[in-house]
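*Asks:* Structure incoming, see below.
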Amino acid sequence: MKTKFFLILFVFTIGILYGQKKEEYITPDLPIDETTKLVTYKDVVNEKGSPQELFDRAMEWVKTHYKNSAEIIVSADREKGVIELRPSVKIHNIMKDGTKVYKNVVYYNFKIECRQDRYRYTITNFNEKATAAAPIEIWFDKNHVRWQPHWYNYLNEIHENIQALIISLQDGMMPKPVVTDDW
């Protein structure tokens, strides 16, 4: 009787284990530079203005967008029309109940270059804050020994934040409307 019970329990357990589907994880669609193999957001945006006007708009945007703008500005050269920043984005763990819990910070390089009637932004070199540089590109590799599904959540969260950043930059780089007082 005991052997029948254990045999049925064994068959039932095996059935449950084989019945569970392996979860498929969709690789996040972040732009990867073909040369450097790093996550890189890069674009040239046409916007009317001299290099100095565009530089001034970019600096104004940086100072309003970032609370700690003085700390993240690596260099700002108005003559060359180049601003280099080292900002960060927060990543979170998502709990079973859907709440987000702070996990860590990911730093990245952000460069804005201004030319006549156009500017270019380059956002790259993403590294999780750690004792040694921890590039986020390793999070794409499902075959990595330490790979975990929540790494894809981190990549998606970074992507959403950078997309919002780019939209904010493009809005901030538009010329301010000239208000005339016709009374």
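*Asks:* Explain nothing, just compute: Karplus ³J(HN,Hα) = 6.51 cos²θ - 1.76 cosθ + 1.60, θ = phi - 60°, for every residue of the stretch 59-68 in order, whole Hz, x for Gly and Pro.
*Replies:* 5, 4, 4, 4, 5, 8, 6, 9, 5, 10
*Asks:* Taking R0 as 45 Å, what FRET efficiency do you get between ASP181 and ARG78 from their Cβ-Cβ distance, rounded to the nearest 0.05?
*Replies:* In this case the efficiency is close to 0.90.
*Asks:* Further question on the same structure: Between the stretch 119-139 and the stretch 33-70, what is the separation of their alpha carbon centroids in Å?
*Replies:* Each part reduced to its Cα centre gives a spacing of 17 Å.
*Asks:* Modelled label-to-label distance, ASP171 and THR36, 7 Å Cα→beta-carbon offset: nm?
*Replies:* Result: 2.7 nm between the two label points.
*Asks:* Scan around ARG115 for amide H atoms under 5 Å from its own, H built in the peptide plane at 1.01 Å from N, and keep only partners 5 or more places away or cross-chain.
*Replies:* Counting only residues 5 or more places away or on other chains, the set is ARG120.
*Asks:* Residue-wise, which Karplus ³J(HN,Hα) couplings in Hz belong to the stretch 131-142, taking 6.51 cos²θ - 1.76 cosθ + 1.60, θ = phi - 60°, and x for glycine or proline?
*Replies:* Karplus values, whole Hz, x for Gly and Pro: 4, 10, 4, 10, x, 6, 4, 5, 5, 6, 7, 5.
*Asks:* Any idea what the relative contact order of the chain is, in percent, if you count C-alpha pairs under 8 Å spaced at least 6 apart?
*Replies:* 22
*Asks:* If you take the charge dipole of the chain about its Cα centre, with +1 on Lys and Arg Cβ and -1 on Asp and Glu Cβ, which of MET59, TYR102, GLY49 is farthest toward its positive end?
*Replies:* The listed residue farthest towards the positive side: TYR102.
*Asks:* For the chain, find the longest principal axis of its Cα atoms and tell me its angle to the long axis of helix 2-19, 0 to 90°, nearest 10.
*Replies:* 20
*Asks:* Follow-up question, since we're still on this one. Could you give the dipole magnitude of the chain about its Cα centre, charging the beta-carbon of Lys and Arg +1 and that of Asp and Glu -1, in debye to the nearest 20?
*Replies:* Magnitude of the dipole: close to 1140 debye.
*Asks:* Taking the stretch 47-101, which GluC sites (Glu not before Pro) meet the DSSP loop condition and have no more than 14 other C-beta atoms within 10 Å?
*Replies:* Within the stretch 47-101, the qualifying GluC sites (Glu not before Pro) (loop, at most 14 other Cβ atoms within 10 Å) are GLU79.
*Asks:* On to the next question. Run the numbers for ASN156 and ASP56: contour at 0.36 nm per residue of separation, minus the present Cα-Cα distance, in nm.
*Replies:* Gain on extension, ASN156 to ASP56, equals 32.8 nm.
*Asks:* With the dipole of the chain worked out from charges on the C-beta (+1 for Lys and Arg, -1 for Asp and Glu) around the Cα centre, which of ALA70, PRO31, ALA130 lies farthest toward the positive end?
*Replies:* ALA130
*Asks:* Further question: Candidates [x] 192; [y] 213; [z] 126; which is the computed volume of the Cα convex hull per residue in Å³?
*Replies:* Computed from these coordinates, volume of the Cα convex hull per residue in Å³ corresponds to label [y].
*Asks:* Quick query: amide H of ALA134 versus all other amide H atoms, modeled in the peptide plane; which residues come in under 5 Å with a sequence gap of 5 or more or a different chain?
*Replies:* Placed amide hydrogens put GLU128 under 5 Å from ALA134.
*Asks:* Using θ = phi - 60° and the Karplus form 6.51 cos²θ - 1.76 cosθ + 1.60, what ³J(HN,Hα) does each residue of the stretch 26-39 get, whole Hz, x for Gly and Pro?
*Replies:* Once θ is set to phi - 60°, the couplings for the stretch 26-39 become 8, 5, x, 9, 9, x, 10, 5, 5, 7, 8, 6, 9, 4 Hz.
Any read-out appearing in this document is the output of simple, stated calculations on the displayed coordinates, not a laboratory observation. Not measured: the values here are computed from a predicted model. All Cβ positions, glycine included, derive from the backbone under ideal geometry; neighbour counts span all protein chains shown.
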